[in-house]
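This is the structure I want to talk about, given as structure tokens.
The values are calculated or read from the model by the stated rules, or taken from the named source; none is laboratory data. All of these numbers come straight from a predicted model, not from anything done at the bench. As a convention, Cβ positions derive from the backbone with ideal geometry for all residues, glycine included, and neighbour counts pool all protein chains shown.
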Amino acid sequence: MTAPAAASAPGAPPGAPKRLPPPAYLSVIRAIDRTMAWSAALFTLLLVPLILSNAVEVFMRYVLGKPTAWALEVNVMSFGALFMLGAAFALLKGAHVRTDMFWERFSERTKGIIDSVTYLLLFLPTMGLLLYISWGELVYAWSINERSNLTPWQPPLWPLRAVVPLTALLLFVQGVSEVLKALWAARTGQVLVQHEKIEI
């Protein structure tokens with residue numbers, strides 16, 4: 001989380017301290033953002049099976065001539081889980097797609113208003129619905145012992161299905177933090193957290 005440079009409140013004399021929200025307001029934002037940063041560090045451990053499964057498969061297939069039955073499944077599940085579980089951290093860092101040619105022209109207050117409306121009316125309800133639906137899919141997959149048919153190994157699918165409701169939950173929680181930031185920007189025209197500029 002990158003803090004913005006100190007800025008004066010609108011109409012305040014130069015050098016005046018930036019107006020800050022109540023401590024409890026800031027505490028909620030900081031707690032959520034730190035949790036997401038910690039979870040992202042934990043989820044990077046999925047790189048271990050992702051890399052190892054590729055390395056083992058290449059060695060077994062092209063050196064020993066004996067391809068594995070499990071490496072593809074591990075690779076797909078690890079990559080899929082890593083991609084989805086990183087979404088909340090990407091939201092924290094402001095890495096999701098925006099139309100910058102329009103967005104950068106808006107004032108901070110206008111950005112705050114737009115974000116407040118879209119998070120409250122679109123993002124949070126969508127994540128809540130996704131959590132509800134994907135939880136039902138997870139329970140069903142568990143109840144029937146659903147298995148993959150991608151390879152002869154046929155591992156159970158419920159661990160991968162569990163990633164979807166977990167992702168929706170993490171995005172919902174991070175969305176709450178983003179709403180609080182957006183509401184403050186809409187109210188005061190000041191940015192509480194300056195997102196990094198990420199070029200892709």
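Under the condition of being in a helix (DSSP H, G or I) and hydroxyl-bearing (Ser, Thr, Tyr), which residue from region 62-90 is farthest from VAL163 (Cα to Cα)? Step through it out loud before you land on a result.
The first filter runs over region 62-90 and keeps only residues in a helix (DSSP H, G or I), leaving 62, 71-85, 87-90.
When the remaining residues are screened for being hydroxyl-bearing (Ser, Thr, Tyr), the result is 62, 78.
Values: TYR62: 32, SER78: 10 Å.
Within region 62-90, the match that is farthest from VAL163 (Cα to Cα) is TYR62.
Among residues belonging to region 125-156 that are at pLDDT 95 or above and among the β-branched types (Val, Ile, Thr), point out the one that is surrounded by the fewest Cβ atoms within 10 Å (Cβ to Cβ).
Filtering first and then ranking leaves ILE144.
Only residues that are at pLDDT 50 or above and among the polar types (S, T, N, Q): list them for region 1-38, please. Show your work before the answer.
Going residue by residue through region 1-38, those that are at pLDDT 50 or above are 18-38.
Within region 1-38, SER27, THR35 meet the criteria.
Could you list, in sequence order, all residues of region 17-71 that are more than 30 Å from the chain's Cα centre (by Cα) and touching a residue at least 40 places away in the same chain (Cβ under 8 Å)?
ALA69
Still on this structure, I have one more. When you check MET77 against the structure, is it buried (at least 19 other Cβ atoms within 10 Å of the Cβ) and within 20 Å of the chain's Cα centre (by Cα), yes or no? Give the steps one after another, and end with the answer.
On the way: buried (at least 19 other Cβ atoms within 10 Å of the Cβ): yes; within 20 Å of the chain's Cα centre (by Cα): yes.
It is true that MET77 is buried (at least 19 other Cβ atoms within 10 Å of the Cβ) and within 20 Å of the chain's Cα centre (by Cα).
Next up: Tell me the residue from LEU52, LEU72, LEU82, LEU47 that is under 30 Å from GLN174 (Cβ atoms), crowded, with 17+ Cβ neighbours inside 10 Å and not aromatic (Phe, Trp, Tyr), please.
Residue meeting the stated conditions: LEU82.
Does region 105-123 contain any residue that is of a type outside the set (Ser, Thr, Tyr), in a loop (DSSP other than H, G, I, E, B) and over 20 Å from the mean Cα position of the chain (by Cα)?
Here is the first cut: in region 105-123, the ones of a type outside the set (Ser, Thr, Tyr) are 105-106, 108-109, 111-115, 117, 120-123.
Right, trim to in a loop (DSSP other than H, G, I, E, B) and you get 105-106.
Right, trim to over 20 Å from the mean Cα position of the chain (by Cα) and you get 105-106.
Yes.
Moving to a separate point now. Taking into account only those residues within region 91-100 that are over 19 Å from PRO165 (Cβ atoms) and of a type outside the set (Val, Ile, Thr), which is surrounded by the most Cβ atoms within 10 Å (Cβ to Cβ)?
Looking only at region 91-100, we keep the residues that are over 19 Å from PRO165 (Cβ atoms), and these are 92-100.
From the residues that got through so far, the ones that are of a type outside the set (Val, Ile, Thr) too are 92-96, 98, 100.
Numbers: LEU92: 24, LYS93: 19, GLY94: 15, ALA95: 16, HIS96: 9, ARG98: 12, ASP100: 9.
This residue is LEU92.
A further question follows. For region 82-113, name all the residues that are farther than 20 Å from LEU45 by Cβ and without any contact (Cβ under 8 Å) to a residue 60 or more places away in the chain. It would help to see each step written out before you state the result.
Of the residues in region 82-113, the ones farther than 20 Å from LEU45 by Cβ are 91, 94-113.
Across region 82-113, the qualifying residues are HIS96, VAL97, ARG98, THR99, ASP100, MET101, PHE102, TRP103, GLU104, ARG105, PHE106, THR110.
A further question follows. Could you list, ordered by first residue, the pairs with Cβ atoms under 6 Å in which the first is in region 153-165 and farther than 12 Å from SER134 by Cβ and the second is surrounded by fewer than 18 Cβ atoms within 10 Å (Cβ to Cβ) and of a type in the set (Lys, Arg), at least 6 apart or interchain?
Hits for this filter: GLN154/ARG147; PRO156/ARG147.
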